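The values are calculated or read from the model by the stated rules, or taken from the named source; none is laboratory data. From a predicted model like this one, the values you see are computed outputs, not experimental measurements. Please note: Cβ atoms are built from the backbone with ideal geometry, for glycine as well, and neighbour counts cover all protein chains shown. Side chains are part of the model used for accessible areas, which takes the heavy atoms of the whole protein and leaves out ligands, DNA and RNA. Shrake-Rupley method; radii C 1.70, N 1.55, O 1.52, S 1.80 Å.
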Amino acid sequence: MLKKDLRKQYSKLREDISVPSLINSSLHISNKLLQLPIWSFDYYHMFLSISEKKEIDTSFTLSILQGRNKNVVVPKVDSNGKLLNCLLSDKTKFKKSTWQIPEPVQCNEIASKLIDVVFIPLLAFDIKGNRVGYGKGFYDGFLKECRPDVIKVGVSLFEAENSITDVSMEDVPLNYCVTPEKVYTFPLS
């Protein structure tokens, strides 16, 4: 299926999810993330949910990271459309961007090369680890700045599609994707 068709289909599926179901699924995903071999690292990049788009509530996973004393980095999009890596602290204040993404008001920026694990928002993914986001390319650009061994973890409310037919060389595939029902592991290419 084409990315544009998947965006439309999965955006509609998300719209139809009830808030209690979204919270329950988010909690299941967070618990399933504990099964992954990713918890011995130092720097974790965590997206903050766009509640208006019924994205997975990442606050559960954020609590796990903070409880394990991990360095948590959250994204902020600069005026050039580049993702900045802002180190989260107890004093970090947030403001919603024009896309309704909670972003730090002040950014204590760290280098992309320091990040060990990236949790990636997505609308859909396939059995090969290809993903479909909103189409802005923020994460593809950001992931290319990270180390080649950075671990890329998608989180999805829905199971994998068989195939995304218009994958390009610019698309960066996942290492893992976690849904409320299953943990997917993808071979490194």
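Worth a mention:
- Search result, residues across the stretch 139-159 that are over 18 Å from Lys12 (Cβ atoms) and more than 11 Å from the chain's Cα centre (by Cα): Asp140, Gly141, Phe142, Leu143, Lys144, Glu145, Cys146, Arg147, Pro148, Asp149, Val150, Ile151
- Filter pass, Ser40 being over 15 Å from the mean Cα position of the chain (by Cα), among the hydroxyl-bearing types (Ser, Thr, Tyr), surrounded by fewer than 19 Cβ atoms within 10 Å (Cβ to Cβ) and closer than 18 Å to Arg147 by Cβ: yes
- Verdict on Leu27 being touching a Phe, Trp or Tyr at 6+ places or on another chain (Cβ under 6 Å), open to solvent by 70 Å² or more (accessible area, probe 1.4 Å) and farther than 18 Å from Pro180 by Cα: no
- Taking the stretch 113-189 as the region of interest, the strands (runs of 3 or more DSSP E) fully inside it that hold 2 or more residues being of a type in the set (A, V, I, L, M, F, W, C) and either open to solvent by 30 Å² or more (accessible area, probe 1.4 Å) or touching a Phe, Trp or Tyr at 6+ places or on another chain (Cβ under 8 Å) (or both) are 117-120, 151-155, 176-178.
- Scope the stretch 20-56; condition at pLDDT 95 or above, within 26 Å of Lys136 (Cβ to Cβ) and assigned to a helix (DSSP H, G or I); matching residues: Leu22, Ser25, Ser26, Ile29, Ser30, Leu33
- Taking the numbered list (1) at pLDDT below 95; (2) under 28 Å from Lys182 (Cα atoms) in turn, Lys152 passes all entries but (1).
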